[in-house]
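The values are calculated or read from the model by the stated rules, or taken from the named source; none is laboratory data. These numbers were taken from a predicted model, which means no experiment stands behind them. With ideal geometry, Cβ positions are generated from the backbone for all residues, glycine too; neighbour counts draw on all protein chains shown.
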Amino acid sequence: MTEVVATNQTILVVGGGISGMTAALEAAECGKEVVLIEKNPVLGGRVSQLYRYFPKLCHPTCGLEINQRRVKQNKRIRILTMAEVTGITGSPGDYTASVKIAPRYVNENCTACGDCGDAAETMIDDAFNYNLGKVKAAFLPSRMSYPQRYVVDPSVIGTPEADKIKAACKYDAVDLSMQEETVQVKAGAVVWATGWKPYDANKIQPYGYDRFDNVITSVEFERLSDPHGPTGGKILRPSDGKEAKNVAFIQCAGSRDENHLRHCSRICCMASLKQTNYMREAFGDEGKSTIYYIDIRAIDRFEDFYQKVQADPNVKFVKSKVARILEDKDGNPVLHGVDTEGYHRYATPHDLVVLAVGMEPSVSAANIPAEIVSDSSGFIEQDQANGAIFGAGCAANPLDVNRSVQSATASALRAIQVINRVARAEG
Amino acid sequence: MSIEKYTRSFLKEVEERVEEGHWVKMCMQCGVCAGSCPLGAHWEHTPQKIFMMIRAGKREEVLSSDSMWMCTSCYQCIVRCPRKLPITHIMHGLAYLAKREGLVPKNQPTAQFGQLFWDNLVKTGRVNELKLSLGMYFKDGFSQGIKNAMAMQSVGLGMMKAKRLNPMEIMGGHGIKDKSGFHAMLKKARELEDSRRKLA
């Protein structure tokens, strides 16, 4: 049975991505008790799935490593992975959350030696790589896994393979008898940091994401570019494994569209501008990028990054929202539309199309198990009516990493104020 | 340089005088309408270009364009528009304004058919299919009319068999009972529309 000691002076942080980790750390380093809930087996969220951050193009492992070390050193943070909040009752200073914890089938004895993975035979979709590859049914979710513990997939439980996996473990870490459980966690304040998910590209029918192998999303392109990704960092197109040296990036794939997401997702323009750098890195002058856009929104102070990409002769900008994609006989996606600088009709083939898909909240505010005020896209509004439940990061707004961290710090501060009031009242 | 260039007077005129014209300023020039239009390649100006021309005050060029007459009302542009502009309706509204201002391009077949259909319908309150068909066949002269009629012979005979085309309609055809009431209604409707759209 999982035991969680929490009081009404505890801060509950829901979501263990960059925002949740930041909120938890800021609160804990101010001396508050924190329970951090994460749905996945490991912390890090979508940031860990990026190849590089903009604008400095450093690797996310760097920023995450610092946070993981802080988490590890801080005794005030209790982490529950594979856990989801199913209900919140109570009022500011006195909440109780029901938390459902899925079985990991691996306990704290795990040293991540990998023997169980060697013993497993079944291959399952690799969620970390957006299902672009497969992993064994006993696996370490990512290289940056924290906690550094394996997971056994429920699909093999009850089979002889599971017994083989258990037998392979020298440390008695595999526990096949684990069950799903629900625990109650008390908290004075809640930071809701469940982050974002990429908009479902299948819904943008004219782009044929569901029909054409060589139409992929921007998050998948991150994995293709990563040396630790499914292609070993080679930008190969899915249909025939050919090097994709002529790539089209389509902006506002889902965003700023009354038929899809009403809001501007803010990060996609910068993400595509950043990804043109991956092309340069992979192919030098042979790597050609074309960005199809309505208007480039290099938010805030990133205009200089935009100008640098504009100066690159291998990057072309076409001011047009692509109307539809067809495929030629060689499997090349052909982009059709009319540009706005001269109103020229075009039908341009590329090796690969990357849809800069929009951000939607991972958990829409309507599905949060508490009364939450949200905007029309399901992002949490900052509102008195939310009591002491504070949205942080991409649960509250489409934000880049930098602004998510700012948002998380602000939410931690709001939660701390509630806890301080509770502490004063209790003397 | 005259200040007129910057007054956006044509945009204001469109907002006032064209059905759904107030939407024109909402266009963000993404071009999805132009790329989605099945007839787009045959238009003189694409919808987003027409909208930009309206904002740029190009009154003569817009109203004498053949673009709004090429629209087949398939509604693909409305479905796809990220800002939900009622593009089809705006196109029809612009066509109406062009007609009222006498700026329709010469011999524009859709405009000719529209006029023929309207005159045909107004006369008796019912559409006279026979006269409408003959009117279309012979619009470019007698010998062309005979050629057209011969080419369409099987369709015509089929329609007669299905009782969709009555040869006796040539005598004047059927109509509604209260023709003068119908004409009074049309007159009133036009008066209302003219005062609302400042078209009189």
For the range A:109-155, how many residues meet the condition of being among the charged types (D, E, K, R) and in contact (Cβ under 8 Å) with a residue 60 or more places away in the chain? 3
Quick check, is A:Gly87 surrounded by fewer than 17 Cβ atoms within 10 Å (Cβ to Cβ), touching a residue at least 40 places away in the same chain (Cβ under 8 Å) and small (Gly, Ala, Ser)? yes
For residues in the range A:203-250 being outside any loop (DSSP other than H, G, I, E, B) and of a type in the set (D, E, K, R), which is surrounded by the fewest Cβ atoms within 10 Å (Cβ to Cβ)? A:Lys203
All conditions in (1) out of contact with any Lys or Arg (no Cβ under 9 Å at 6 or more places or on another chain); (2) among the hydroxyl-bearing types (Ser, Thr, Tyr); (3) closer than 24 Å to A:Asp295 by Cβ are true of B:Ser64 except (3)
Quick check on this structure: which one of B:Ile170, B:Ile176 is in contact with a Gly (Cβ under 6 Å, 6 or more places away or on another chain) and loosely packed, with under 12 Cβ neighbours inside 10 Å? B:Ile176
Among the residues of the range A:299-339, count how many are over 22 Å from A:Pro349 (Cα atoms), of a type in the set (A, V, I, L, M) and more than 27 Å from the chain's Cα centre (by Cα). 1
Out of all the residues in the range B:2-15, is one or more assigned to a loop (DSSP other than H, G, I, E, B), in contact with a helix residue (DSSP H, G or I) (Cβ under 7 Å, 6 or more places away or on another chain) and among the hydroxyl-bearing types (Ser, Thr, Tyr)? no
Could you check the range A:16-122 for helices (runs of 4 or more DSSP H) lying wholly inside it with 1 or more residues that are under 25 Å from A:Pro198 (Cβ atoms)? A:18-29, A:60-73
Regarding B:Glu44, is this residue modelled with pLDDT under 95 and under 18 Å from the mean Cα position of the chain (by Cα)? yes
For B:Met26, are the conditions met, namely being at pLDDT 95 or above and surrounded by 18 or more Cβ atoms within 10 Å (Cβ to Cβ)? no
Quick check on B:Cys71: is it among the hydrophobic types (A, V, I, L, M, F, W, C) and within 14 Å of chain A (Cβ to nearest Cβ)? no
Does B:Lys49 fit the bill of being at the interface with another protein chain (Cβ under 8 Å from one of its Cβ atoms), surrounded by fewer than 16 Cβ atoms within 10 Å (Cβ to Cβ) and out of contact with any strand residue (DSSP E or B) (no Cβ under 7 Å at 6 or more places or on another chain)? no
Name the residues in the range A:127-162 that are part of a loop (DSSP other than H, G, I, E, B), within 23 Å of A:Glu222 (Cα to Cα) and touching a Phe, Trp or Tyr at 6+ places or on another chain (Cβ under 8 Å), would you? A:Leu140, A:Pro141, A:Ser142
Scan of the range A:252-279 for residues that are surrounded by fewer than 18 Cβ atoms within 10 Å (Cβ to Cβ) and either more than 22 Å from the chain's Cα centre (by Cα) or of a type in the set (Ser, Thr, Tyr) (or both), ordered by number: A:Glu258, A:Asn259
Of the conditions (1) charged (D, E, K, R); (2) without any contact (Cβ under 8 Å) to a residue 40 or more places away in the chain; (3) surrounded by 18 or more Cβ atoms within 10 Å (Cβ to Cβ), B:Arg17 satisfies every one except a single condition; which number is it? (2)
Specify the residue that is nearest to A:Asp339 (Cα to Cα); the eligible residues are those in the range B:20-33 that are free of Cβ contacts under 8 Å to residues at least 40 places away in the same chain and within 14 Å of chain A (Cβ to nearest Cβ). B:Gly31
As an exercise: evaluate B:Arg55 against (1) within 14 Å of chain A (Cβ to nearest Cβ); (2) within 19 Å of the chain's Cα centre (by Cα) and give the number of the one condition it does not meet. (2)
Out of all the residues in the range A:39-52, is one or more over 17 Å from the mean Cα position of the chain (by Cα) and basic (Lys, Arg)? no
Note: among A:Ala347, A:Ala323, A:Ala356, just one is farther than 30 Å from A:Ser407 by Cα and in contact with a helix residue (DSSP H, G or I) (Cβ under 8 Å, 6 or more places away or on another chain), namely A:Ala323
Give all pairs with beta carbons closer than 6 Å in which a residue from the range B:78-91 that is closer than 16 Å to B:Gly31 by Cβ and facing chain A (nearest Cβ under 8 Å) meets a residue that is among the acidic types (Asp, Glu) and buried (at least 22 other Cβ atoms within 10 Å of the Cβ); count only pairs at least 6 apart in sequence or on separate chains. B:Pro82/A:Asp257
Subset of the range A:290-309, residues part of a loop (DSSP other than H, G, I, E, B) and of a type in the set (A, V, I, L, M, F, W, C), comes to A:Ile294, A:Ile296, A:Ala298, A:Ile299, A:Phe302
Are any residues in the range A:256-277 among the hydrophobic types (A, V, I, L, M, F, W, C), part of a loop (DSSP other than H, G, I, E, B) and under 29 Å from A:Cys58 (Cα atoms), and if so, which ones? A:Cys264, A:Ile267
Any residue in the range B:96-116 that is out of contact with any Cys (no Cβ under 9 Å at 6 or more places or on another chain), among the acidic types (Asp, Glu), within 24 Å of B:Met185 (Cα to Cα) and free of Cβ contacts under 8 Å to residues at least 12 places away in the same chain? no
Of all residues in the range B:161-179 being in a helix (DSSP H, G or I) and closer than 16 Å to B:Leu121 by Cβ, which is modelled with the lowest pLDDT? B:Glu169
Residues satisfying the stated conditions in the range A:292-309, i.e. within 14 Å of another protein chain (Cβ to nearest Cβ) and either buried (at least 17 other Cβ atoms within 10 Å of the Cβ) or out of contact with any strand residue (DSSP E or B) (no Cβ under 9 Å at 6 or more places or on another chain) (or both): A:Tyr292, A:Tyr293, A:Ile294, A:Ile296, A:Arg297
